[in-house]
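One structure is given below, encoded as structure tokens.
The values are calculated or read from the model by the stated rules, or taken from the named source; none is laboratory data. None of the values given here were measured: they were computed from a predicted structure. Reconstructed Cβ throughout: ideal geometry from the backbone, glycine too, with neighbour counts over all protein chains shown. In case anyone asks, the SASA skips ligands and DNA or RNA and just uses the protein heavy atoms, side chains included. Shrake-Rupley method; radii C 1.70, N 1.55, O 1.52, S 1.80 Å.
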Amino acid sequence: MQINPYFSRGFYSAPLPKTAGEKYIKREGNITSDCCKLSTDKTKQTNNPAKNNQVTGSETETTDKIKNTSSLPDHLFEYIQNQAAEDARNGIYMSQKYISSTLKYMRKNISPNRSKLISMFNPMVMNAKYTGKPASFFSVPGFSGFTARFSVGRMFGAYMSIWNKDGEQVLSYSPPPNAGWHEHQTKAESKFIDEADAVYMKVYDEVRAQMKAETALGGSYLNKQI
């Protein structure tokens with residue numbers, strides 16, 4: 001099965017780091033690791049903010065002052081801020097931890113159940129035989145409003161496309177040379193990705209800028225002492 005990397009964020013492609021020397025981790029699709037839980041346990045987030053964010057003073061204030069004006073739930077919004085601040089301090093732009101966690105949330109709460117669709121139709125495309133019949137259109141059982149188109153070519157084999165209730169293609173299958181299942185981004189997924197990354201980048205940039213300012217201040221002070 002072929003997966004677009006965030007799926008690909010080509011479907012999802014994260015921008016390159018803005019600061020020379022920072023590490024960059026490419027987003028990978030088909031991530032199933034549980035590297036980070038998006039907890040709604042507010043006590044862990046509020047009892048000791050400085051320890052929780054692993055920052056002190058104004059760095060903590062930088063993430064705390066940002067108001068959630070997005071459609072993201074508050075617990076996810078807070079997690080993204082904290083992870084962005086941690087990544088900025090570590091010099092890792094869009095760490096695998098951030099990518100994995102947001103991808104996991106999206107697949108669970110926003111994306112259609114593509115795994116179930118693939119399991120449902122994989123036998124059909126794998127065992128398809130050319131009969132000369134025209135393409136068939138049908139409703140997808142168990143997926144309200146979803147429709148599919150299935151055809152078998154004389155030369156190569158089966159083709160399938162699946163659309164959601166809004167008419168957006170969410171999945172397709174093609175024979176060789178590009179054989180396999182291909183995921184297609186929906187508007188809801190695109191909106192989630194854009195919002196999550198906007199929150200992340202705002203905090204990341206602010207923390208990096210503050211770190212540079214503090215380093216410059218420390219350097220100036222040291223030079224004066226010398």
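Please compare each pair in Lys108/Lys212; Lys97/Lys187; Lys104/Lys212 to a cut-off of 26 Å on the Cα-Cα distance and tell me which ones are over it.
Listed pairs above 26 Å: Lys108/Lys212; Lys104/Lys212.
With a cut-off of 8 Å between alpha carbons and a minimum separation of six or more residues, what is the relative contact order of region 118-226 in percent?
14
Under a Cβ-Cβ cut-off of 14 Å, what is the net charge of the residues other than Ser174 that fall near it, where Lys and Arg count +1 and Asp and Glu count -1?
Spelling it out: positives minus negatives among the neighbours equals 0.
Heavy atoms of the protein only, probe of 1.4 Å, neighbouring chains included. What is the accessible area of Arg149 in Å², nearest 10?
90
By per-residue mean of other Cβ atoms within 10 Å, what is the highest-first order of 87-97, 175-185?
87-97, 175-185
Could you order Met124, Met160, Met211 so the one with the most accessible surface comes first? Probe is 1.4 Å.
Listed by decreasing accessible area, they come as Met124, Met211, Met160.
Just add up the charged neighbours of Gly145: K/R +1, D/E -1, any other residue whose Cβ is under 14 Å from the Cβ of Gly145.
Summing Lys/Arg as +1 and Asp/Glu as -1 gives -1.
Between region 81-136 and region 158-181, how many Å separate their Cα centres?
About 14 Å separates the Cα centre of region 81-136 from the one of region 158-181.
Rank these by accessible area, largest first, 1.4 Å probe: Phe138, Phe156, Phe146.
Highest to lowest solvent-accessible surface, that is Phe156, Phe138, Phe146.
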